[in-house]
Amino acid sequence: MEFKLNKYIEPDFTQRVFADAPDCTLVMAPHAKAAPKNFHATSIYPEYFKINGQWHLAKDTRMDACAVWDGKEIKVVEFRNIKENDMVIVGRTEDASEGIYVHADCFEKEECDSAVNLFSFRRSRNRETSFTYDYDRLVSLLDHEKKNGGYVVWILGPACSFDVTAREIMGKLIANGYCQALLAGNALATHDLEGAYMGTALGCDIRNQKLHDMGHYNHLETINAINTYGSIPAFIDGEGIDSGIIYNCVKHNVPFVLNGSIRDDGPLPEVYEHAYAGQDMIRSHIRRATTVIGMATMLHTIAAGNMTPTYRVLEDGTIRPVFFYMVDSSDFVASKLGDRGSLSAKSIVTNVQDFMKNVGAGLGLYEY
């Protein structure tokens, strides 16, 4: 299956609704981290703002943030990053009547998406859903991204490191150019490196899942060894680590962002212990993402999902869709991202081992 990006449909600004629209209203921020009353909160869709008679697209956006005019272009910033005297756009309408237009229906739809029936069966995505087409399309998408300079961001929960085959396939995806950045927590890196160092994840053998004697020490031993070396790369080099997810990130210079939580052991040296510093690092990669795939981690995926728009403006000015996949064995978790407003997210309900085998086989990285 050859992947084809859906074409962007730009608004016709010669229409009366746009031509007769007033300029949007700009109000100075009263002080740092505070927007003026009636501030406009951004969404995941392309948004245009009329200033000095011209419509300007926010080229980089995210949901639940503020639109700021810097004199040249629209900047979308989190509330905590608003500076005193920033010129913030205010207005709660989205139909151009206040110089603000949210362009929700902006990409050509596939033929299979065009049929709308008031009554139909099997509209939800759950364990009974057939995901064959989704796998075929995702494999084609990943192949397209690799060939065309896409930026694929993977978000991994610790379960991705519990199985030797899933861990191996993810390592191959990284090594073969299907991952440009990895987002995770302390646990994913800890258990992945534990697998390479001691053959276990949380003390269970990653091949046969048998408990090792005193295995509950293994992840702590791993953390302690890494902290003794002072960094993950130094540990990998010093202990001769030669497999796994984090190993392949280090070997192939793929950036990884590890964010901490209040329940972390350790943590590892590279873990961001300040939530907002970690959030900024996540967004630095989401700003470049053309495809995002979250697996077995609801909170990390939702965190990234809240920063992910439905579109990306490329360097040549063309606008393309951003694809988002949520993979989890729980129907609830798989659909949760959509409930948070990320309506473009596609859910696949399965465990990470089967998901990785299907994707790996489709890309020729794994043979059943």
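By DSSP, what percent of the beta bridges with both residues in the chain are antiparallel, rounded to the nearest 5?
55 percent
How far apart, in nm, are two points set 7 Å out from the Cα along the Cα-to-Cβ line at K147 and at K7?
Spacing of the two 7 Å Cα→Cβ label points: 2.0 nm.
What would the Debye formula give as log10 I(q)/I(0) at q = 0.09, 0.16 Å⁻¹ for the alpha-carbon point model of the stretch 117-237, no solvent?
-0.37, -0.89
Where is the GNM fluctuation largest for the chain (alpha-carbon springs, 10 angstrom cutoff): H31, H191, H56?
Of H31, H191, H56, the most mobile in the Gaussian network model is H31.
Charges only on Cβ, +1 for Lys and Arg, -1 for Asp and Glu: so what's the dipole of the stretch 264-336 about the Cα centre, in debye to the nearest 20?
420 debye
Only helical DSSP H runs with n ≥ 4 go in: add -39500 (n - 2.57) per run for the chain, normalise by residue count and round the 222 nm mean residue ellipticity to 500 deg cm²/dmol.
Computed ellipticity for the chain at 222 nm equals -9000 deg cm²/dmol.
Mean separation of Cα pairs under 8 Å and 6+ residues apart, divided by the residue count of the chain: what relative contact order is that in percent?
Dividing the mean separation by the residue count of the chain yields 18 percent.
So what is the relative contact order of the stretch 1-87, in percent, for Cα pairs below 8 Å that sit 6 or more residues apart?
30 percent
Hey, got the dipole for the chain? About the Cα centre, +1 on K and R Cβ, -1 on D and E Cβ, debye to the nearest 20?
Charge dipole of the chain: 440 debye, to the nearest 20.
How charged is the neighbourhood of N176? Take every other residue with its Cβ under 14 Å from the Cβ of N176, and add Lys/Arg as +1 and Asp/Glu as -1.
+1
Equivalent ellipsoid semi-axes for the stretch 208-297, as square roots of 5 times the alpha carbon gyration tensor eigenvalues: give them largest first, rounded to whole Å.
That gives 25, 16, 15 Å for the three semi-axes.
The stretch 13-105: which trypsin sites (Lys or Arg not before Pro) are DSSP loop and have at most 13 other beta-carbon atoms within 10 angstrom?
Hits after loop and neighbour filter: K33, K37, K72, K83, R92.
How many Å³ per residue does the convex hull of the Cα positions in the chain occupy?
160 Å³
Which entries in the list K33/K346; K210/K336; K4/K172; K50/K336; K147/K346; K59/K251 go over 31 Å, if you measure between the two C-alpha atoms of each?
Those over the limit are K33/K346; K210/K336; K50/K336; K59/K251.
Which value, in debye to the nearest 20, describes the size of the charge dipole of the stretch 206-329 about its Cα centre when Lys and Arg Cβ atoms bear +1, Asp and Glu Cβ atoms bear -1, and nothing else is charged?
Roughly 520 debye, rounded to the nearest 20.
Between R207 and K33, what length comes free when the chain is fully extended (0.36 nm per residue of separation minus the Cα-Cα distance, one decimal in nm)?
Once the chain is fully extended between R207 and K33, it gains 57.7 nm.
Tell me the GluC sites (Glu not before Pro) within the stretch 124-226 that lie in a loop according to DSSP and have at most 10 other beta-carbon atoms within 10 Å.
Sparse-neighbourhood loop GluC sites (Glu not before Pro): E128.
I want the antiparallel fraction of DSSP beta bridges within the stretch 264-359, as a percent rounded to 5.
25 percent
Per the Kirkwood treatment, what hydrodynamic radius in Å, one decimal, follows for the stretch 60-190 from the mean inverse distance over all distinct Cα pairs?
19.7 Å
How much of the accessible area of the stretch 13-93, probe 1.4 Å, is carbon plus sulfur, in whole percent?
Result for the stretch 13-93: 53 percent of the exposed heavy-atom area is carbon or sulfur.
Give, to the nearest whole percent, the P(r) tail of the stretch 204-359 beyond 24 angstrom, counting all Cα pairs.
48 percent
Pick from M281, M326, M307: which residue has the top mean-square fluctuation in a GNM of the chain where Cα pairs under 10 Å get a spring?
M281
Expressed as a fraction of 2.2 N^0.38 Å, the rule-of-thumb size for a compact globular protein of N residues, what is the C-alpha radius of gyration of the stretch 180-260?
Dividing the Cα radius of gyration by 2.2 N^0.38 Å gives 1.04.
Tell me the net charge near A277. Cut-off is 14 Å between Cβ atoms, A277 excluded, with +1 for each Lys or Arg and -1 for each Asp or Glu.
-2
Restricting to DSSP loop positions (anything but H, G, I, E, B) with no more than 10 other Cβ atoms inside 10 Å of their own Cβ, which GluC sites (Glu not before Pro) remain in the stretch 83-113?
Within the stretch 83-113, the qualifying GluC sites (Glu not before Pro) (loop, at most 10 other Cβ atoms within 10 Å) are E110.
May I ask you to derive the relative contact order of the stretch 204-291, considering only C-alpha pairs under 8 Å and at least 6 residues apart, and to give it as an integer percent?
That works out to 23 percent.
For a Förster distance of 45 Å, can you work out the FRET efficiency between the beta-carbons of E367 and R80, rounded to the nearest 0.05?
0.40
The values are calculated or read from the model by the stated rules, or taken from the named source; none is laboratory data. No experiment lies behind these values; they were computed from the predicted model shown. FYI the Cβ positions are ideal-geometry reconstructions off the backbone, even for glycines, and counts take in every protein chain you see. Quick note on the areas: whole protein, heavy atoms, side chains included, nothing else; ligands and nucleic acids left out. Shrake-Rupley method; radii C 1.70, N 1.55, O 1.52, S 1.80 Å.
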